Amino acid sequence: MSGAYIHRPVLLDECIDALNIRPDGVYIDGTLGRGGHSEQIARRLTGGGRLICIDRDAQALEEGGARLAPWADRITFLHGNFGDLEKLLSDAGIPGADGMLFDLGVSSPQLDDPERGFSYMNDAPLDMRMDREDSLTAWTVVNQWPKEEIRRILYQYGEERYAPAIAAAIDRARESKPIETTLELVDVIRSAMPAAALREKQHPAKRSFQGIRIAVNDELTAISRMMQAAIPRLNPGGRLAVISFHSLEDRIVKSELAAAAKGCDCPPSFPVCVCGKTPLVKLTPKKPILPSRQELEENPRARSAKLRVAEKIGK
């Protein structure tokens, strides 16, 4: 457990700067994880401020709660999916926030715990659930979903160019017996890929595992729902900061923020605006913030991270 406390969260300084924290403000960390971002937010809430920590993983809430114990008087912990942000905040009686942070994707503790089944480097039961109370597991996807649906998620969510061959190999393998573990699945994936692909620097199962994980946790739908709920819940001047780790996540975040910053959605051919929609946010900055060279050297997992920030304007 000691390693959990020296783990440095991705883009930590950049996130804290982006949130522009007020000591008496209300802030939301929608992906608590190991609590690194939350600790730095909580430390700054010295004027009666409040921090709401959300995670769909009960283990993250338990471990994060222990780490954040010194600031427990200013923190509320909520177990839930950030895709249900509107309901979570309503049920907790939180009308709005001065800042929200979402660190998307699978968290380091989940990757580092072989039993969770997220890693293609360790043998474990096929699970991949971020919330262990959910019923859908990777085993069900791999062994019971139709071949065409597996092909779709590998291609669409994993961006795996060999998705048809891999889906066919999975379908053949499970005819004789179920694929039970992560390394069994890795072997099936390897068997379907050409020699040139197996020589690539990236692990041959990385994209397929990503695709299955996203399907198991319905991650992209949750991000869309979170983005649509977060902006209305921001107080004027409040900041929304979102870290994404791959193009599928970033595309959703970028699109939702662009629409909120544009306001008017009238067709370009209209001479004047008739929809009456005004911008809800301004992008601060317009381009995503990327990890520094120093951070990339210290933490290779930050390599693909992008931080997008927006500030609420108007009412």
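The values are calculated or read from the model by the stated rules, or taken from the named source; none is laboratory data. Since the structure is predicted, the reported quantities are computational estimates derived from the model, not experimental observations. Reconstructed Cβ throughout: ideal geometry from the backbone, glycine too, with neighbour counts over all protein chains shown. These accessible areas exclude ligands, DNA and RNA; they are computed on the full protein's heavy atoms, side chains included. Shrake-Rupley method; radii C 1.70, N 1.55, O 1.52, S 1.80 Å.
Name the residue, out of Asp98, Asp123, Asp134, whose mean-square fluctuation peaks in a Gaussian network model built on the chain with Cα pairs under 10 Å.
The residue with the greatest mean-square fluctuation here is Asp134.
Can you tell me which of Thr137, Thr278, Thr181 moves the most in a GNM of the chain? Springs connect C-alpha atoms under 10 Å apart.
The residue with the greatest mean-square fluctuation here is Thr278.
What residue among Asn217, Pro267, Ala58 has its Cα farthest toward the positive end of the dipole of the chain, where the charges are +1 on Lys, Arg and -1 on Asp, Glu, each on the Cβ?
Pro267
How much net charge surrounds Ala124 when only the other residues with a Cβ under 9 Å from the Cβ of Ala124 are counted, with Lys and Arg +1 and Asp and Glu -1?
With Lys, Arg at +1 and Asp, Glu at -1, the net is -3.
Once you charge only the Cβ atoms, +1 for Lys and Arg and -1 for Asp and Glu, what is the size of the charge dipole of segment 246-315 about its Cα centre, to the nearest 20 debye?
Roughly 180 debye, rounded to the nearest 20.
GNM, the chain, Cα, under 10 Å: largest mean-square fluctuation among Asp113, Asp29, Asp17?
Sorting by GNM fluctuation, first place goes to Asp17.
Relative to the longest principal axis of the chain, what angle (0 to 90°, nearest 10) does the C-alpha long axis of helix 206-217 take?
The angle comes out at about 60 degrees.
Can you give the extra length, in nm with one decimal, that the chain gains between Val272 and Asp17 once fully stretched, where that is 0.36 nm per residue apart less the Cα-Cα distance? Working shown, then result.
Values: separation 255, 0.36 × 255 = 91.80 nm, distance 3.80 nm.
Stretched fully, the Val272-Asp17 segment lengthens by 88.0 nm.
Using the Cα centre of the chain as the reference point, and only Cβ charges (+1 on K/R, -1 on D/E), how large is the resulting charge dipole? Debye, rounded to the nearest 20.
1160
With n ≥ 4 as the cut-off for DSSP H runs, can you work out [θ] at 222 nm for the chain, using -39500 (n - 2.57) per run divided by the number of residues, rounded to the nearest 500?
Computed mean residue ellipticity for the chain: -12000 deg cm²/dmol.
Could you calculate the contour length gain from Glu86 to Leu136, that is, 0.36 nm times the residue separation minus the distance between their Cα atoms, to one decimal place in nm?
Full extension of this stretch gives 15.7 nm more.
Determine the distance separating the Cα centre of segment 87-157 from the Cα centre of segment 273-315; give it in Å without decimals.
If we compute the Cα centre of each part, the gap is 24 Å.
So how far apart, in nm, are the two label points at Leu198 and Ser304 if each is 7 Å from Cα heading toward Cβ?
Result for the modelled spin labels: 2.3 nm.
What accessible area per residue, rounded to a whole number of Å², is obtained for the chain using a probe radius of 1.4 Å?
Details: 14970 Å² over 315 residues.
Counting only protein heavy atoms, the per-residue value for the chain is 48 Å².
Can you figure out the FRET efficiency of Gln294 with Asp187, using R₀ = 41 Å and their beta-carbon distance, to the nearest 0.05?
Calculated value: 0.60.
I'd like the trypsin sites (Lys or Arg not before Pro) in segment 142-217 restricted to DSSP loop residues with at most 14 other Cβ atoms within 10 Å, sorted by number. Walk me through the numbers on the way to the answer.
Numbers: sites: Lys147, Arg151, Arg152, Arg161, Arg172, Arg174, Arg190, Arg199, Lys201, Lys206, Arg207, Arg213; in loops: Arg161, Arg199, Lys201.
Within segment 142-217, the qualifying trypsin sites (Lys or Arg not before Pro) (loop, at most 14 other Cβ atoms within 10 Å) are Arg161, Arg199, Lys201.
Projected onto the charge dipole of the chain (+1 at Lys/Arg Cβ, -1 at Asp/Glu Cβ, origin at the Cα centre), which of Leu126, Ser38, Val142 gives the Cα projection farthest towards the positive end?
Ser38
Please report the net charge: other residues with Cβ closer than 9 Å to the Cβ of Arg225, K and R +1, D and E -1.
In short, -2.
Given that just one value was derived from the coordinates, which of [x] 55, 52, 42; [y] 61, 58, 40; [z] 68, 59, 39 is Cα extents along the principal axes in Å?
Looking at Cα extents along the principal axes in Å for this model, the match is [y].
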